[in-house]
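Below: one structure, written as structure tokens.
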Amino acid sequence: MYRTLDPEKIAATLVALEQRIAERFPGASLGKVCAELLHVARESRERVARIAARNYPLRALTAAVTAGGLGLLVYLGTVIEVKREGTNVYGILQGFESGFNIVVLMGAAIFFLATLETRLKRREALARLHELRSIVHVIDMHQLTKDPSVTVGAGRATASSPERRMSPFELSRYLDYCSEMLSLTAKLAALYAQGSKDPVVIDAASDIGQITTNLASKIWQKITLVQQMSLAPAAPRSSIPPG
């Protein structure tokens with residue numbers, strides 16, 4: 001029960017997170033991003049199951065082609081007539097070359113069909129992982145302008161400064177929500193690695209996990225600064241405007 005990720009549990013966690021964001025920050029675009037991530041999570045449940053399932057029609061086709069190829073080779077071996085008279089070395093080598101080419105082409109066809117299922121599943125999994133990677137960067141964009149230094153009222157805003165009306169507590173919660181969304185996105189990526197033995201898919205999912213970990217670490221640095229600044233005495237206002 002606790003050895004594999006459950007897509008239902010991930011979706012339920014996202015539902016709760018979306019409600020928390022909507023209650024704390026009504027109408028915030030971060031809530032819409034969470035809703036989109038929830039939609040992706042519900043789709044991932046079917047996608048992961050489809051990728052992990054065995055493609056029996058394709059496997060049957062591969063077995064049929066392999067059996068037919070081997071049968072054809074056996075048949076050709078029985079109808080080839082070997083003549084010892086008037087045969088030179090060049091003719092023997094030419095015959096061997098033709099037979100070798102046939103075996104190589106047939107082996108390549110069998111290998112193509114045998115690996116087709118893996119390649120199709122890999123392509124679909126990588127496409128979904130790319131979608132999750134894009135969502136990771138969208139989440140990161142929402143926390144870029146959340147500057148902890150503004151919570152102490154240092155400096156004056158310029159015409160191009162983004163609106164920063166959050167209290168230290170609200171800013172901490174907002175950043176924490178971003179961190180949670182990054183973690184849940186990494187868990188969705190891990191679902192594809194969990195249901196696959198393809199090293200390419202596993203590496204791609206691990207890469208997303210590493211990206212989310214790095215971004216979450218930067219977010220928690222901001223949260224730590226917010227907490228420290230909220231406990232520290234108010235600093236005098238600076239004449240240097242914030243960006």
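Computed from the coordinates by the stated procedures, all read-outs in this text should not be read as laboratory data. Nothing here was measured: the structure is a model prediction, and the numbers come from that model. Heads up, the Cβs are rebuilt from the backbone with ideal geometry, glycines too, and the neighbour counts pull from every protein chain shown.
Give the separation of the Cα centroids, segment 206-220 to segment 113-147, in Å.
The two parts, judged by their Cα centres, are 15 Å apart.
By a straight-distance test (C-alpha under 19 Å), which aspartates and glutamates pair with Lys9 as possible cross-link partners, with residues fewer than eight away in the same chain excluded?
Qualifying aspartates and glutamates at Cα under 19 Å: Glu18, Glu36, Glu43, Glu46, Glu180.
For segment 10-65, just run the numbers: alpha carbon Rg, then divide by 2.2 N^0.38 Å, N being how many residues it has.
Scaled against compact globular proteins, the figure is 1.84.
Could you give me the ³J(HN,Hα) list for segment 200-217, computed from phi with Karplus coefficients 6.51, -1.76, 1.60 and θ = phi - 60°, whole Hz, x at Gly and Pro?
3J(HN,Hα) across segment 200-217, in whole Hz: 5, 5, 5, 5, 5, 5, 5, 5, 5, x, 5, 4, 5, 5, 5, 5, 5, 5.
Give me Ser44, Ser134, Ser230 sorted ascending by neighbouring Cβ count inside 10 Å, so fewest comes first.
Fewest-to-most ranking of Ser44, Ser134, Ser230: Ser134, Ser230, Ser44.
Taking 0.36 nm per residue of separation and subtracting the Cα-Cα distance, what length does fully extending Ser167 through Ile102 add?
15.9 nm
Most exposed first by the Cβ proxy, i.e. fewest other Cβ within 10 Å, how do Tyr192, Tyr56, Tyr2 rank?
Neighbour counts put them in this order, fewest first: Tyr2, Tyr56, Tyr192.
Explain nothing, just compute: Karplus ³J(HN,Hα) = 6.51 cos²θ - 1.76 cosθ + 1.60, θ = phi - 60°, for every residue of segment 121-131 in order, whole Hz, x for Gly and Pro.
Residue by residue, segment 121-131 yields 5, 5, 4, 5, 5, 5, 5, 6, 5, 5, 4 Hz.
Counting other C-beta atoms within 10 Å, which of Ile223, Ile110 has the fewest, and how do the rest follow?
Ile110, Ile223
Treat each spin label as a single point 7 Å out from the Cα along the C-beta direction, and report the Ala16 to Leu70 distance in nm.
It works out to 5.4 nm between the two label points.
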